[in-house]
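The values are calculated or read from the model by the stated rules, or taken from the named source; none is laboratory data. Keep in mind it's a predicted model, so treat the numbers as computed, not measured. Cβ placement follows ideal geometry from the backbone for every residue including glycine, while neighbour counts extend to all protein chains displayed.
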Amino acid sequence: MRPPVSALAGLILIALLLPAAFAAATAYDQLELEVWCELEPMIQESEDYPLSANAARQRVLEEARILLSVMIYGARFSYTPPDAQRRQAEQFLLTPVAELNWGDSRLRIAEAEVRDARLYARVRYDLQDFQAARRRAWQSNAIPTAGGTGHASLFTSAAPAGKRRSLEEALKESVRSHLRPVLFNKPREVRGELLLWEAPRVILDAGDYLTTVNVKLRVREIRPYSLF
């Protein structure tokens with residue numbers, strides 16, 4: 001029989017913070033974000049319930065790895081607006097430009113806290129020079145900024161998948177909010193690139209994962225519908 005979450009809290013924090021104790025200071029720029037996971041998810045996916053220290057650590061690091069990849073390298077997007085007359089469903093596809101490797105030694109948990117049956121971890125990543133240069137290249141005021149919010153029900157999606165879905169919805173909404181005032185005719189497809197400019201904010205709201213993002217956007221191609 002597993003101990004309750006309160007009894008696991010100390011073990012989880014020790015397991016999470018030990019790697020950070022040996023992390024050396026670097027001269028590189030640094031990104032930081034807060035990631036949390038439920039120790040008692042609404043949907044039980046496995047027999048590891050409540051989540052063990054190792055499972056909780058892996059879950060927050062994997063979420064941080066995905067987010068930091070989009071904050072450093074960005075993602076290509078393809079957006080097709082819905083069109084009832086043409087019977088065209090809305091489509092939004094994301095393809096990572098590149099991803100951090102699992103186990104990257106620059107990715108570490110600096111602080112962790114258990115409260116309200118959730119693990120909150122402050123994760124840091126030390127950027128290499130070329131990664132910092134990529135971020136600086138997006139800093140130009142000529143590259144527009146857009147924001148969006150996305151929802152996903154925690155009752156229908158397990159925690160990691162539900163949070164990812166709410167992130168994708170927020171990224172889609174940021175693209176839509178950018179295009180809305182500049183496109184007067186509905187396009188067939190819009191292609192471009194986006195970069196998470198700030199760490200996303202994720203909360204639980206009325207049974208939903210609610211994710212808010214702030215991104216930089218480059219529109220590369222706008223494909224109109226043919227006149228014939």
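Annotations for the structure displayed:
- Among the residues of the stretch 185-227, the one identified as part of a loop (DSSP other than H, G, I, E, B), closer than 22 Å to L31 by Cβ and either modelled with pLDDT under 90 or in contact with an Asp or Glu (Cβ under 8 Å, 6 or more places away or on another chain) (or both) is A199.
- Residue ID - surrounded by the fewest Cβ atoms within 10 Å (Cβ to Cβ), chosen from residues in the stretch 125-150 that are β-branched (V, I, T) and closer than 30 Å to L204 by Cα: T145
- Selection over the stretch 172-212 of residues that are among the β-branched types (V, I, T), surrounded by 14 or more Cβ atoms within 10 Å (Cβ to Cβ) and within 26 Å of G162 (Cβ to Cβ) gives a count of 4.
- Residue in the stretch 168-184 that is of a type in the set (G, A, S) and not in a helix (DSSP H, G or I) present: no
- Where S140 falls short, out of the listed (1) of a type in the set (S, T, Y); (2) closer than 18 Å to V215 by Cβ; (3) touching a helix residue (DSSP H, G or I) at 6+ places or on another chain (Cβ under 7 Å); (4) assigned to a loop (DSSP other than H, G, I, E, B): (3)
- Among the candidates A121, A75, residue that is modelled with pLDDT of 95 or more and touching a Pro at 6+ places or on another chain (Cβ under 9 Å): A75
- Each residue in the stretch 33-51 was checked for being modelled with pLDDT of 70 or more, assigned to a loop (DSSP other than H, G, I, E, B) and not aliphatic (A, V, I, L, M), and 4 of them qualify.
- Residue pairs whose Cβ atoms lie under 9 Å apart, separated by 6 or more positions or on different chains, with the first residue in the stretch 169-192 and within 22 Å of A152 (Cα to Cα) and the second among the charged types (D, E, K, R), are K172/E90.
- In the stretch 106-119, the residues that are surrounded by fewer than 11 Cβ atoms within 10 Å (Cβ to Cβ) and in a loop (DSSP other than H, G, I, E, B): D116
- Residue match in the stretch 71-81 (condition: part of a helix (DSSP H, G or I) and under 20 Å from E168 (Cα atoms)): yes
- Residue in the stretch 129-145 that is under 16 Å from the mean Cα position of the chain (by Cα), closer than 23 Å to E198 by Cβ and in contact (Cβ under 8 Å) with a residue 60 or more places away in the chain present: no
- In the stretch 105-118, the qualifying residues are those that are charged (D, E, K, R) and under 20 Å from the mean Cα position of the chain (by Cα), and the one that is modelled with the lowest pLDDT is R118.
- Boolean, S153 is hydroxyl-bearing (S, T, Y) and touching a Leu at 6+ places or on another chain (Cβ under 8 Å): no
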